[in-house]
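Have a look at the structure below, then the notes.
The values are calculated or read from the model by the stated rules, or taken from the named source; none is laboratory data. Predicted model, so just to flag it, every value in this text is computed and none were measured. Cβ sites come from the backbone with ideal geometry, for glycine too, and all protein chains shown count toward neighbours.
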Amino acid sequence: MTANEFHYNLIGLQAHLMKFAYQLTADKEDAKDLVQETFLKALKYRDKFAYESNFKAWTCTIMKNTFLNNYYRWVHHITYSTRMKENVITESPYYSDAVHPDSEYTVKEIEKSIEALGDHLKVPFKMHREGFKYKEIADNLDLSLGTIKSRIFRTRMKLKEAVNN
């Protein structure tokens, strides 16, 4: 297939690819972006196209794979961001042993917030901060593992709320 034939066939599939992209994305602008990205990849990998194969199926496969890769990347980003937000309380520099002058006030405020909590939340959280595993905390306090995880999570959320306000 010559370069001109390739381009002509690709342009001829634009309407079909737009419909397919809209089915995947459910958003007109995202569909346009996906079609454009598919066109770029098809042009970039033109030499990989086997002349005897189905051109329409080949471009649709490029589109589907591009969509899935973008989707997985997006999901990973969201998951990573969520994990970072959940862990910001226990893994922030405010909990390091070295207190920096610009963060000393915040450390004092966080410590004050922790001390204001009831013992049922404060004790498991402090133990976790000191490096105890959930199971060790549960055994030491004679509570279930789920209760410990729940209390530490609730403490993180309360502290996060206090820091953000």
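Go through region 48-77 and give me each residue that's modelled with pLDDT of 90 or more and among the charged types (D, E, K, R).
Within region 48-77, LYS56, LYS64 meet the criteria.
How many residues are more than 12 Å from LYS149 (Cβ to Cβ), of a type in the set (A, V, I, L, M, F, W, C) and surrounded by 15 or more Cβ atoms within 10 Å (Cβ to Cβ) if we restrict to region 113-137?
6
Restricting to region 8-18, give me the number of residues that are farther than 15 Å from ILE62 by Cβ and either surrounded by 11 or more Cβ atoms within 10 Å (Cβ to Cβ) or touching a residue at least 12 places away in the same chain (Cβ under 8 Å) (or both).
2
For region 120-143, give me each residue that is at pLDDT 85 or above and closer than 16 Å to MET157 by Cα.
HIS120, LEU121, LYS122, VAL123, PRO124, PHE125, LYS126, HIS128
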